[in-house]
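*Asks:* Here you go, one structure.
Laboratory data are not the source of any read-out in this text; all were calculated from the coordinates shown. Everything numeric here is computed off the predicted structure, so don't read it as measured data. All Cβ positions, glycine included, derive from the backbone under ideal geometry; neighbour counts span all protein chains shown.
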Amino acid sequence: MTKNLSPVALPPRIKKVFQTFQKEGWQIYLVGGAVRDLLLQRPFHDWDFTTNAPPKAIQKLFPQSFYHNKFGTVTIPLAKNQNIEITPFRQEADYHDYRHPSKIRWGKTLEEDLQRRDFTINAIALSYQKRRVGIIDPYEGQEDIKKQLIRAVKNPEERFHEDALRMLRAIRLSSQLGFLIEKNTFAAIQKNAGLIKKISAERIRDELWKILASRYPAEGINFLRTSHLLHYLIPELEAAYGVAQAKHHIYDVWTHSLKALASCPSPDPLVRFATLIHDIGKPVTARGEGAERTFYNHEVVGAKIARRLSQRFRLSKKDSQRLWRLVRWHQFTVEEHQTDKALRRFIRHVGKENLQDMLLLRTADRIGSGSRPTSWRFELFKKRLAEVQKQPFTIKDLKINGHEVMEKLKIPPGPLVGKILQALFHEVEENPKHNQRRYLLKQLPIIYRQLVASATSSKPPKEAQP
Ligand code: ATP
Ligand code: MG
C-alpha cells in the first residue's frame, strides 16, 4: 500500500519527530490536513500525527509538550500559529446525538484511525522511515485529490449521522480547495441537511467564517443553498433567490449578493459576510413588479436581520456592531454636491473604524451589479471623506468646554449644558471657520434662548442600535 513520493519534502524538525518515536519502538504517522496539503503543495499550519503510543509516553518523549483534552492530543508548539499535534490512534463508535461519539475508543491500528476520518482526502497517512517517505491511502484519497473531489470515507449518510458538522466541512473544504463534492456525498448532504440543527452555533460559525474567508466564497455559499443547508442556517438569505430587481439592475438579489461577495476586496470574513447579506432586507421589502419594483427601507429591515444573525451565530459584541453598521448604512450616496456636514454625519453613523470596510463593501456592491469598481464620483467622495476627517469633528474639538458654558450663562451642571455644546457643534460642523473661542462665546446666549424656547417641542424617537 506504500509507495515513494519524492516531491514531499519534510523539514528536519518533522523528521526528528518520526525518529524520536521510532527509536522507542512506537509507530508514528503524519495524517489529516497536513498530508493533504503537502500533496497539494498548499501552505498549512498544524502538523498532525497519530501514533500507537499513549499520551503519557508521548509527553515523556517531548518534555516541552502539553496535554489537556479528552482526545489525548499532545501539543508541541513549533512557531507562531504552528503546532505539532500528536493524537493516539482512535476509533469512534456509538454516536447518539449527531455530533459527539458517546464514547471515544482508542484504536489499535492506523487503519482504524483512518476509517473514522471524514473525507478520503483527509484519510491519507504519511510515514517516514529509513529516510524514505511512504503513503498509506486505503480510501484512495490521492485519486480524489487528482480528480479534485470531496468524497466521504465509506457510507456518507452514516458519516453525516455520526457528526452532522461534516456536511458543512465538506462545503468548507470545497470552497478552500476549489474541489467539487462527489455525487453520492452531495446527495447525502441534501437528504440530511436538517441534521445541522443539532450542531452548536459556534462550530457552525467557525465553518461559515472559513467558507467566507476562502478562495471561492461565492461557490461555497451557492453550495450551501443547493445542498439545502442554507435553509436551516440563513433562511432569510435563501429567500433572496430569484427575487427580481427593478429594470436598471441586471441581476436578481441572490445573484447580486453572490457576485458582490465574490468581488469583495476585503479578506475579513465579517466584512465579506456583511457584503453577502447587505441586501438581505430586500425579499421582505419588495413592492411592485418590473420597472416599478421598490425596496424602501431595505437597509433598516436588513440591519434588523443582521442583528438576529449575530445572535444566531453568537458573534462578539464588537462584530455584531460592525455587522449592523455595515448593513444599516450601506445605501449611502456619493453625490458630489453633499455638504461637509452630510459627510460627517455619514462618518458618525458608520464609525471611523469601519469606514474603510464600508468603502470596500461598496466596491463589491458595484462590481456585483455589473459596474466598474469605481467612478470619478466615488473617488471624489473618498477624497472628501479623508479631508473632512482632518477638520474638527467631535464636541471635544470645540474651542470652548462645558465649564465655560456654565460660567458664562450662570447655569448649573445638567443635560442643558450638553445640549448647548451639541448645538454649537452643529454650527461648527456646518462651518468649520466658526470654531473660534470669541465667536462661540458670543453665540452662547443666543443658543441658550433658542433651546429654552423650544424645550416644549418633542422629538421623534431614535432608531435603536444593538
Ligand atoms: P484545517 O486545519 O485547514 O481546518 P484539516 O483537514 O486539518 O483542515 P482539522 O479540523 O484540523 O481539519 O482536522 C484534522 C483532521 O481530523 C482532518 O483532516 C480529518 O482527517 C479529521 N477530522 C476533523 N474533523 C473531523 C470530523 N468532524 N469527522 C471526522 N474526521 C474529522
Ligand atoms: Mg488541521
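*Asks:* Relative to the longest principal axis of the C-alpha atoms of the chain, give the angle of the C-alpha long axis of helix 165-177, reported between 0 and 90° and rounded to the nearest 10°.
*Replies:* So the inclination is approximately 80 degrees.
*Asks:* Return the lysines within reach of Lys282: Cα separation strictly under 20 angstrom, same-chain partners fewer than 8 residues apart disregarded; answer none if there are no such residues.
*Replies:* In chain and number order, the partners are Lys247, Lys259, Lys304.
*Asks:* For Lys56, go through the aspartates and glutamates and keep the ones whose alpha-carbon is under 12 Å away, minus same-chain ones fewer than eight residues off.
*Replies:* Lys56 reaches no qualifying aspartates and glutamates.
*Asks:* Under 13 Å Cα-Cα from Lys60, which aspartates and glutamates qualify once same-chain neighbours fewer than 8 residues away are excluded?
*Replies:* Glu24
*Asks:* Still on this model: Shape verdict for region 297-401, please, from the Cα gyration tensor: rounded (a/c under 1.5), prolate (a/b greater than b/c) or oblate.
*Replies:* Since a/c reaches 1.5 but b/c is at least a/b, the shape of region 297-401 is classed as oblate.
*Asks:* Given the chain, what percent of its DSSP beta bridges are antiparallel, to the nearest 5?
*Replies:* So the antiparallel bridges amount to about 75 percent of the total.
*Asks:* Is there a quick way to get the dipole size of region 92-229? I mean about its Cα centre, with the Cβ of Lys and Arg at +1 and of Asp and Glu at -1; what is the value in debye to the nearest 20?
*Replies:* Once rounded to the nearest 20, the dipole reads 280 debye.
*Asks:* Pairing the Cα long axis of helix 437-453 with the longest principal axis of the chain, what angle in degrees results, from 0 to 90 and rounded to the nearest 10?
*Replies:* It works out to around 80 degrees.
*Asks:* To continue, here is another question. Search the structure for amide H atoms under 5 Å from the amide H of Arg90, placed 1.01 Å from N in the peptide plane, and list their residues when 5 or more places away or on another chain.
*Replies:* Gly107, Asp113
*Asks:* Continuing with this model, one more query. Working out 0.36 nm times the residue gap between Arg13 and Glu202, then minus their Cα-Cα distance, what length gain in nm do you get to one decimal?
*Replies:* Using 0.36 nm per residue and subtracting the Cα-Cα distance, I get 64.7 nm.
*Asks:* Cα convex hull of the chain: how many Å³ per residue?
*Replies:* Each residue corresponds to 214 Å³ of Cα convex hull volume.
*Asks:* A further question on this structure: Rounded to the nearest 20 debye, what is the charge dipole size of the chain about its Cα centre when +1 sits on each Lys and Arg Cβ and -1 on each Asp and Glu Cβ?
*Replies:* Using Cβ point charges on Lys, Arg, Asp and Glu, the chain gives about 1280 debye.
*Asks:* Peptides 244-256, 12-24: what's the order by average Cβ count within 10 Å, highest mean first?
*Replies:* So the peptides 244-256, 12-24, ranked by packing, come out 244-256, 12-24.
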